[in-house]
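Below: the structure, in structure tokens.
The values are calculated or read from the model by the stated rules, or taken from the named source; none is laboratory data. Given the structure is predicted, the values throughout are model-derived calculations rather than measurements. Counting neighbours? That spans all protein chains shown, and the Cβs are built from the backbone with ideal geometry, glycine included.
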Amino acid sequence: MIRKDFISKYIEELGKSMARLIAYEIGDEDDNFIFHFNEMLRSYYRLDDNELATLLIADEDRDQFLLSDELKKASIRTYLKAARVYLTIGQTEKAVLSFKIVERIQSVNSGIFQFPTEEDAIIAAEYKTVKEQLNSFV
């Protein structure tokens, strides 16, 4: 029970961290985004953006946060934003890895039906934009 409460609190804090990352505007704040994105990676996954490929490998401890139903939309938006920022600053490899992480998160079926929301439309538009940008680089 204590472990479950701890994980719930950790997931709640990770959600807050992702909300701050999503709020960054791409362009002037790219350095701040990268700094805080790395802080999130270090705090919750014990790695940095040079180790993004690690999040593509199944790991029970990391996956309970990365693939959490409660954080699914925030995670997708965060890694899509990371992909866009990395493309903006010319780090294509990290952009591709961030996009692959999004695809991994999306591949996990939550088993919970939800009616499409405005956020789902935003995610679909961001996903399409990033995919088109990546296709022009690859």
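Only a single criterion out of (1) surrounded by 13 or more Cβ atoms within 10 Å (Cβ to Cβ); (2) within 14 Å of the chain's Cα centre (by Cα); (3) over 24 Å from Thr129 (Cα atoms) is not satisfied by Tyr10, namely (2). Considering (1) modelled with pLDDT under 95; (2) surrounded by fewer than 16 Cβ atoms within 10 Å (Cβ to Cβ); (3) not hydrophobic (A, V, I, L, M, F, W, C), the lone condition that Asn50 does not fulfil carries the number (1). The condition of being closer than 24 Å to Ala125 by Cβ and either in contact with a Leu (Cβ under 6 Å, 6 or more places away or on another chain) or not in a loop (DSSP other than H, G, I, E, B) (or both) holds for only one of Ser98, Ser8, Ser43, that being Ser98.
The single condition from (1) within 17 Å of Tyr127 (Cβ to Cβ); (2) in a helix (DSSP H, G or I); (3) more than 12 Å from the chain's Cα centre (by Cα) that Ile26 fails is (2). Is at least one residue of the stretch 80-89 part of a loop (DSSP other than H, G, I, E, B), farther than 20 Å from Gly15 by Cα, over 16 Å from the mean Cα position of the chain (by Cα) and free of Cβ contacts under 8 Å to residues at least 40 places away in the same chain? The answer is no, given that none of the residues of the stretch 80-89 is part of a loop (DSSP other than H, G, I, E, B), farther than 20 Å from Gly15 by Cα, over 16 Å from the mean Cα position of the chain (by Cα) and free of Cβ contacts under 8 Å to residues at least 40 places away in the same chain. The residues listed here are Leu71, Leu14, Leu21, Leu52; of these, the one that is assigned to a helix (DSSP H, G or I) and either more than 19 Å from Val102 (Cβ to Cβ) or in contact with a His (Cβ under 8 Å, 6 or more places away or on another chain) (or both) is Leu21. For the stretch 55-74, indicate whether the set of residues that are out of contact with any Cys (no Cβ under 9 Å at 6 or more places or on another chain), over 19 Å from Gln106 (Cβ atoms), modelled with pLDDT of 85 or more and of a type in the set (Phe, Trp, Tyr) is non-empty. No, there is no match, as no residue in the stretch 55-74 is out of contact with any Cys (no Cβ under 9 Å at 6 or more places or on another chain), over 19 Å from Gln106 (Cβ atoms), modelled with pLDDT of 85 or more and of a type in the set (Phe, Trp, Tyr). Pairs linking a residue in the stretch 21-39 that is closer than 9 Å to Val85 by Cα to a residue that is surrounded by 15 or more Cβ atoms within 10 Å (Cβ to Cβ) and at pLDDT below 90, with Cβ atoms under 8 Å and 6 or more positions apart or on different chains, are Phe33/Leu21; Phe33/Tyr24.
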